[in-house]
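Working notes, structure below.
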Amino acid sequence: RLNHAEAGAAVASLDLAGFTGWRLPTVEELFALADHSRQSPAIDTEAFPDTPSDWFWTSTPAAWNSSAVAWVVYFGGGYADTYDRDYDAFVRAVRSASPAGQ
């Protein structure tokens, strides 16, 4: 569990499986992983084992206070909300796929 600034720094410094360029997902990317037919956690547990039923940071700022608030996804129930950037939440890193041959 990290605050938003720590979460962003942690994913930016990742070097996993020989890949760099990791980032926080957008709210749309992370919310797309929510499985609304499940609860606690509301995610495909075969694809994402050991996912806690908790809040996860996104890179999407809240429109009304972008410097202090960001969107989060709650995998206990599979919904999105906003969180103060100073609060702690879990992190799921993503990276954009490179076009074939690059």
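Overview of results
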quantity	calculated
Segment 35-87: chymotrypsin sites (Phe, Trp or Tyr not before Pro) falling in loop per DSSP and having at most 13 other Cβ within 10 Å	64
Debye equation applied to the C-alpha atoms of the chain, log10 I(q)/I(0) at 0.12, 0.21, 0.23 Å⁻¹	-0.40, -1.09, -1.23
Relative contact order of the chain, pairs being alpha-carbon contacts under 8 Å that are 6 or more residues apart, as %	33 percent
Helix-derived mean residue ellipticity, 222 nm - over the chain, DSSP H n ≥ 4, -39500 (n - 2.57), to 500	-3500 deg cm²/dmol
Segment residue 2-residue 19, extension gain: residue separation times 0.36 nm, minus the distance between their alpha carbons	3.9 nm
Accessible area in square angstrom per residue, the chain, 1.4 angstrom probe	58 Å²
Residue 28/residue 54 FRET efficiency (R0 22 Å; Cβ-Cβ; nearest 0.05)	0.65
Residue 6 - accessible surface, heavy atoms, 1.4 Å probe, Å² rounded to 10	90 Å²
Linear extension gain, residue 47 paired with residue 93, 0.36 nm per residue minus alpha-carbon span	15.1 nm
Computed FRET value (nearest 0.05) for residue 79 with residue 12, which takes r as the C-beta separation and R₀ as 30 Å	0.65
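The values are calculated or read from the model by the stated rules, or taken from the named source; none is laboratory data. Remember, it's a predicted structure, so these values are computed and weren't measured experimentally. Heads up, the Cβs are rebuilt from the backbone with ideal geometry, glycines too, and the neighbour counts pull from every protein chain shown. All accessible areas refer to the heavy atoms of the entire protein, side chains included, with ligands and DNA or RNA removed. Shrake-Rupley method; radii C 1.70, N 1.55, O 1.52, S 1.80 Å.
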